[in-house]
Each structure stands twice: as C-alpha cells, then as structure tokens.
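Any read-out appearing in this document is the output of simple, stated calculations on the displayed coordinates, not a laboratory observation. No experiment lies behind these values; they were computed from the predicted model shown. Every residue, glycine as well, gets a Cβ built from its backbone with ideal geometry; the counts of neighbours run over all protein chains shown.
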C-alpha cells in the first residue's frame, strides 16, 4: 500500500493477477445478473400532463389524480386519462408483455399505487375525464380522507383489471 491506496504489489491484486484475470471478468457479469434479477417490477413512469395522450380514448392525460398506466420492462409506459379507459383497454387488449404492471393514481394524493393493491370506488359525484366515476386510493385511510368517495360504491379490483388482477382480493 502506498498513500492508503492498493497497488499491484498488494496481496489482493497479486491473487487477482495470479488467477489470470478470471475473477475480474466474472465479477461484472455476476453483478449485472444480480441487478437484473433484483430490479423487481417496473416502477411507475412520471406523467407529463402536457404531452401524454390516453392509449384508449386518445384524449390528453391532463390530471394525474384520475390517471392510470401500464409499465412493462424495457418499454415506455402507456397512460390512461381515466381508470375506466384502463379497464376498457384491458378488456379489449390481447396478452400484455411479460412483467407488465398497472399503476393507478391515488385520487387524494396523486401518488402512483400498484393497481392490484388499490381500493376502487365508483362515485357519481366525481367528474372523471371519461365519466366512468372510478377513482382509486392507496388504502382505507386515504379513501376515508377523500370527500369524493362519500356515497360511492366499492368496486372489486377484478372488475377493473380483469385477468391482470391475479389473486388480488380488494
């Protein structure tokens, strides 16, 4: 060691060099494989309300509080201006790319929530972009703090997501 830095004369470097560099070449491959496996489901993409159009109705996605999206590995997110548009798209769409995750915005906070974990309410008192009246919330606490859900009817996840709901029971 010289000046606190490892030099080729240190024991670690000598063992790497004695191994013919195999350890040095395998380490990046192992790290990349571990990162790929640990990356998990695709996160929600940020919504640009000035430039995104709904994949189903082609209207501008101008308000995140009513929006939804499909995120798939290595693909751009697909946005919807109304949860009803996501529901109708999923009914008509064939198989989605492997690993596709739906996200919906919590109506009260605007934060993205995995669609299979959200609570849905049909509320006639809320003017959603395509008049579905469907709104989502992260949890019971968020739903109960949102005045828009008063007098609304709970909607099962499977009614929104169909087969994409998997085993979701909310």
Original post:
What per residue convex hull volume, in Å³, do the alpha-carbon atoms of the stretch 79-170 yield?
Top reply: 90
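Counting each pair of different Cα atoms once, what's the Kirkwood radius of the stretch 64-126 in Å, rounded to one decimal?
Value: 12.2 Å, from the Cα pair sum.
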Subject >> Calculated FRET efficiency for the pair residue 100/residue 145, C-beta based, R₀ 25 Å, to 0.05 >> reply: 0.25
